[in-house]
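Read-outs: derived from the displayed coordinates by stated rules, not from any lab. Computed from a prediction, not measured in an experiment: that's the story for all the values here. So basically every Cβ, Gly included, is an ideal-geometry build from the backbone, and we count neighbours across all protein chains shown.
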């Protein structure tokens, strides 16, 4: 092993440790920190991001990368060096002043959003968002010139290497061609079914106990993570200390329960990344869409299946009581209900892609400079009406202010949700091929063979392979939207 490569591994281990501190401080900011701590915390995180940027972009790092590429390395080391080079190139493009300004603007926008959203204060939010968009466009232009692509593709590549808006337009165009009709057919079919709603209220403490029981059922390692509450559910922290959050509503418990299942999918991926490569880029999750495929595998493919819901039902009854609504058939119907709504995170899996496509089309135009922040509400209303038949006029809280992602300039992130849903469906198809008895295993509560398959095919590889190679290795083919459509049709029209 070359001394240059050893120097690189030491540098990236150091960066990983700073990243650890940043992740925990960020988690605290969104869960525990009092409002008065916002400005100094934002400044501290910005200072840390500048320090990490300086370490990563040092001239010596570039020299070590050049030297290491001329020396013999094994396949894992080569993959690690590739990811190091990518991280270096991504960071070296941006001046430290832009990194700092974007971090501060994002912290300010996100913290203010917490009060502005409940107040339906679009004007106040828009003022902060304009600065985030301005800086994001500046970043996008720098990356686009370096990569020879569009502004939006340059940001998309940060989250999903190898993906382009041309590919997304083709994939999402395909979905738009059949989704509205499928959604209508399912809603019409379900309108003939009577579904009883569980009577509330549901005490937050009981819901928390249910969440912990579900996490245990799904194999969450409580020695290396915890559950908390935040305005927007997320999975943060680091693989050795994964922090997941949810939000509770005393009027209904399913959204919090499914939110926990979703975030537990993220967490299991993090907790099972290759520990032997810890601290190195090759030990990180492959991409944002692959990360989302794990949470959606847990929530949609597994969590909303009839077999898993029957497995979950005793936990629900023990903590929340019994009644007609918790009869098995009704409980399954309740969790497989399709009803277009305004809120993305509460959306059923059939209408969910419409929420993502809407955001993708708006943010792509926003970064390109084709529209401005002030145009967002009207565009949102227009697309929500076209895709889901819903009205958001004047309802910014449940419309264009509902998400946290744009507050810190995470443009290019939203498409990964639906890419993740398609990967999840394809991966579950792979599980069924490897484990023909998977339905029976889930029914019996023996989930370990499913987790073993995920570990063998996804988790243990970190970023060793490209997204395409990872999926082809696991399923025998590149991303194929066919499996997503078949999954929706089978579950919601064919009762499979």
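If you take the beta carbon distance between residue 58 and residue 276 as r and set R0 to 25 Å, what does 1/(1 + (r/R0)^6) give as a FRET efficiency, to the nearest 0.05? Each step should come with its number before you reach the end.
Numbers: r = 27 Å, r/R0 = 1.07.
E between residue 58 and residue 276, to the nearest 0.05, is 0.40.
In degrees between 0 and 90, to the nearest 10, how far off the longest principal axis of the chain does helix 482-492 point, with axes built from Cα atoms?
It is inclined by approximately 30 degrees.
What is the order of 356, 158, fewest Cβ neighbours within 10 Å to most?
Values: 356 21, 158 17.
Taking fewest neighbouring Cβ atoms as first place, the list is 158, 356.
For residue 70 and residue 434, what does the FRET efficiency come to when R0 = 30 Å and r is the distance between their Cβ atoms, rounded to the nearest 0.05? Intermediate results must be reported in sequence, preceding the final value.
Numbers: r = 41 Å, r/R0 = 1.36.
For R0 = 30 Å, the calculated efficiency reads 0.15.
Between residue 164 and residue 100, what is the FRET efficiency for a Förster distance of 25 Å, r being their Cβ-Cβ separation, to the nearest 0.05? Write down the numbers at each step before the final one.
Values: r = 29 Å, r/R0 = 1.18.
Using R0 = 25 Å, I get an efficiency of 0.25.
How much length, in nm to one decimal, is gained on full extension between residue 446 and residue 339, taken as 0.36 nm per residue of separation minus their Cα-Cα distance?
35.4 nm
Could you tell me the distance between the Cα centroids of the stretch 241-318 and the stretch 430-496, to the nearest Å?
15 Å
How do 358-371, 259-272 rank on mean C-beta neighbours within 10 Å, highest first?
By packing density, highest mean first, the sequence is 259-272, 358-371.
Quick one: order 17, 485 by neighbouring beta-carbon count within 10 Å, fewest to most. Could the numbers behind the result be given before it?
Details: 17 12, 485 17.
By the 10 Å Cβ count, ascending, the order reads 17, 485.
In the set (i) 57; (ii) 26; (iii) 13, which value of percent of Cα pairs over 43 Å apart was calculated from the structure you see?
(iii)
Using the number of other C-beta atoms within 10 angstrom as an exposure proxy, rank 277, 64 with the fewest first.
277, 64
Quick one: angle between helix 3-31 and the longest Cα principal axis of the chain, in degrees between 0 and 90, rounded to 10, please.
40 degrees
How much length is gained if the chain between residue 18 and residue 127 is pulled fully straight, taking 0.36 nm per residue apart and subtracting their Cα-Cα distance, in nm to one decimal?
Here the answer is 36.1 nm.
Pairing the Cα long axis of helix 254-271 with the longest principal axis of the chain, what angle in degrees results, from 0 to 90 and rounded to the nearest 10?
Once rounded, one gets 40 degrees.
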